[in-house]
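Laboratory data are not the source of any read-out in this text; all were calculated from the coordinates shown. Nothing here was measured: the structure is a model prediction, and the numbers come from that model. Cβ coordinates were reconstructed from backbone atoms using ideal geometry, including for glycine residues, and neighbour counts include every protein chain displayed.
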Amino acid sequence: MTLAPRTTALLDHALATAQREGRVPSVVAGLVRGGGLVWHGAVGTLDGRASGEPADADTQYRMGSITKTFVAVCVLRLRDAGRLDLADRFEEHVPGSALGGATLEQLLTHAAGAQAETDGPWWERTPGGDWDALVASGAAQRFRAGRRFHYSNVGYGALGRLLEVHHGTGWFDVVRAELLEPLGMSRTTTRPAGRAAQGLAVHPFADLLLREPEHDGGAMGPAGQLWTTVTDLARWAAFLGGDTAGLLAPETLAEMCEPHHVVDEPGQPWTGAHGLGWQVWNEDGVRFAGHGGSMPGFLAGLRVRLVGGDGVVTLANTTSTAVMRGLGDDLLRVLGEEEPAPVEPWSADGDPASLELVGTWHWGASTTTARLVGEDLVLGEPGTARGSRFRRTGQDAWVGLDSYHTGEPLRVVRRADGTVSHLDLASFRFTRTPYDPTADVPGGVDDLGWH
């Protein structure tokens, strides 16, 4: 897909404006649509000086906590292979730590109550030790597991160790073999390799720079170690958008993006939550997933609209600035306004055999409508009251896909002559007339009928 010159000009201008207003030494960004990188841009230099080397699409930046999403996908691959269950306690796989009582799901969703940071020196700016050293330094719980969302870098250090125990090799070796190499992400590494930006802090009151240290985080590496380029990170955004190259089942990816625990900030409405490794946002009814990242000297962002798959990635070599989150939103807005996503043409490819299920149904004295949308049977309006979509699982058998009836069975009950008598939805009867006395309504229908 090639964007129109006007769209490209607006995107380039937004990126340049953010770099200047945010006083960012360099920033690169990319937009993903249809599983591919449709635009990328770069502004600034690797060392922040006017005479420095310009940033480009092959420049590495540290992605920080986006690293966690790679670890999480590898854990879910273990689950899908039957080698663990998310309800397992951590100690069943990695004994001997204070986090042993937490479940794997709680660690993935930051609900294990694990401490946010290590007890030692500022781990993001100092070399890290091995897992035994991390355990010896604390790795304690601050809250009862399952009580609340509490972001924990230590918890992802533990999940990295889980990968090592199951695979018998380093956590990055697992990520590289299972994800990076199959996806062609050859410029994603644990340490800067080749062309890479210098991590920098910008003085808050002067146009001056301070070089930030670069190091190996050791056992804390799974929380934020990886370096990447805008091209590689865009491939990961396409993965989140559904182009998983067969490395993860679609239903597993969808499960990872379900909100498990809201991010509760006092006095603020709930707009964010955390899934199984991915952050999730609900903004005016539009769902996004992705992750942010920060390490001293670097900021990164990845956001994908879950319906449609449009995504944005951003990388910058600055410790702090207020413009990066807004930049991603601005770039996605320009793409959506200037280049609306293609509309799939309607076609008459419904199943005439299911026509007997559409039309008006009654649950007690309430009325709802059933209609066919593609392969799905839709009762009511999904998102309103108990409206849900259902997908066929067998002869006269369906299962709920969303809302109140997610996972619940819908059974078509027939008369002796094969015609449809009623629908049984998780024990509730839907009949063609209110309380149809011939439809085996539980509790019976009063002999007086309607009066």
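Take every DSSP beta bridge whose two residues both sit in the chain; close to 95 percent of them are antiparallel.
Among the chymotrypsin sites (Phe, Trp or Tyr not before Pro) within the stretch 251-353, which fall in a DSSP loop and have no more than 11 other Cβ atoms within 10 Å of their own Cβ? Those that pass, being in a loop and sparsely packed, are Trp270, Trp346. Count Lys and Arg as plus one, Asp and Glu as minus one, and take only other residues whose Cβ is under 13 Å from that of Ser354; the net charge is then -3. When only Cα pairs below 8 angstrom with a gap of at least 6 residues are kept, the chain shows a relative contact order of 16 percent.
Protection proxy ranking, highest mean first, for peptides 70-82, 434-446: 70-82, 434-446, where packing is the per-residue count of other beta-carbon atoms within 10 Å, averaged.
Rounded to the nearest 5, the antiparallel percentage of DSSP beta bridges internal to the stretch 353-430 is 95%.
Remark on Arg287: its backbone amide H falls under 5 Å from those of Leu306, Val307, a criterion applied only to residues 5 or more positions apart or on other chains, H modelled at 1.01 Å from N. For Thr59, neighbours were defined as the other residues whose beta-carbon sits under 14 Å from its Cβ, and their charges (Lys and Arg +1, Asp and Glu -1) total -2. Near Arg148: Cβ cut-off under 15 Å, other residues only, Lys/Arg at +1 and Asp/Glu at -1. The net charge is 0.
Over the stretch 99-146, Cα pairs under 8 Å with separation of 6+ residues give a relative contact order of 55 percent. The value of relative contact order for the stretch 363-412, using C-alpha pairs under 8 Å at least six residues apart, is 23 percent.
Per-residue Karplus couplings for the stretch 376-387, computed as 6.51 cos²θ - 1.76 cosθ + 1.60 with θ equal to phi - 60°, are listed in order as 9, 9, 10, 9, x, 10, x, x, 10, 6, 10, x Hz, Gly and Pro entered as x. Phi angles of the stretch 394-403 translate, via the Karplus equation with coefficients 6.51, -1.76, 1.60 and θ = phi - 60°, into HN-Hα couplings of x, 5, 6, 10, 9, 9, x, 9, 7, 6 Hz per residue; Gly and Pro are given as x.
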